[in-house]
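We did not get these values from a lab; they are worked out from the coordinates using the rules stated. Note that this is a predicted model, so its numbers are computed, not measured.
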Amino acid sequence: MRTVKNAPVAIAIALALTLAPAAYPQSQDLGLGAFADESGPILMAVDAGLVVRSLDNPYAMFVLFMAARDQSASVTVAAKDVVMVYKGREYPMPTLAELRGDYGGVIRDVDFYRRLGKEGIMSSWVRLYQFPDESSFFPPLTLQSALAVTEGHMTAFDGFVTPVYFKNPGFAKGDKLTIKVRDAKDASITGECEVVLK
């Protein structure tokens, strides 16, 4: 019977190849500036359609869709736990008060986003969930606006959708970034989605 001299090496390589997909986001490009990732406990989809059309805005508005992969679980993501990683640096979101004090384009952003095509985002896992729109991290100051909240809740087939803002660090066409979230109660429950600004 032959023995393999480098069995530990072969096992290490096989293990690395098995775990590698879990270590990096497995985001899909859905077209029209939309991206989705189902690899983590928090399902994520990001619509960057507005960002790619207004790369010079001082604040960039993405639309973030989140849901719990395990429909029997309850997940809560706090606004302070949504971050953007760009060129190796982590950027937190501003607070609602900071954004309203520094930027006057929220109503324009929301109106512009409503006119953009949603076919890309709706071709993902998003179509299987409901997204009540009574609350948002960054609602515009209008009479019909959603309730401003600091946490988004997800359970069963109810997800959470909200605009998310980040200070523009100097985006350019073709740049890559990753939006990451984590559960407010259990930091091991996370989600992330890679976005390409093209």
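GNM remark for the chain: springs join alpha carbons under 10 Å apart, and the peak mean-square fluctuation among ASP186, ASP109, ASP37 falls on ASP186. Based on alpha-carbon centroids, what's the gap between the stretch 114-183 and the stretch 23-76 in Å, whole number please? Taking the Cα centre of the stretch 23-76 as reference, the centre of the stretch 114-183 is 8 Å away. Karplus-based coupling profile of the stretch 128-139, in residue order and whole Hz: 8, 10, 9, 10, x, 10, 7, 9, 7, 5, 9, x, with θ = phi - 60° in 6.51 cos²θ - 1.76 cosθ + 1.60 and x standing for Gly or Pro.
Exceedance of the 25 Å cut-off in Cα-Cα distance is limited, within the set LYS167/LYS198; LYS118/LYS180; LYS87/LYS185; LYS80/LYS167; LYS80/LYS173, to LYS87/LYS185; LYS80/LYS173. Working note: 222 nm ellipticity from helices only, DSSP H runs with n ≥ 4, each -39,500 (n - 2.57), summed and divided by the residues of the chain, gives -6000 deg cm²/dmol to the nearest 500. Bridge orientation summary for the chain: considering DSSP beta bridges with both residues in this region, about 95 percent are antiparallel.
Compared with the direct C-alpha span, the chain from ASP102 to ALA73 gains 6.7 nm at full extension, assuming 0.36 nm per residue. Looking at (1) 1.25; (2) 1.02; (3) 1.14, which value of Cα Rg over 2.2 N^0.38 Å comes from a calculation on the structure shown? Of the labelled values, this structure produces (3).
Specify the angular offset, from 0 to 90 degrees and rounded to the nearest 10, of the alpha carbon long axis of helix 7-23 from the longest principal axis of the alpha carbons in the chain. The helix 7-23 is inclined about 10 degrees to the chain. Helix 106-115 and the long axis of the chain differ in direction by around 70°, with both axes built from C-alpha atoms.
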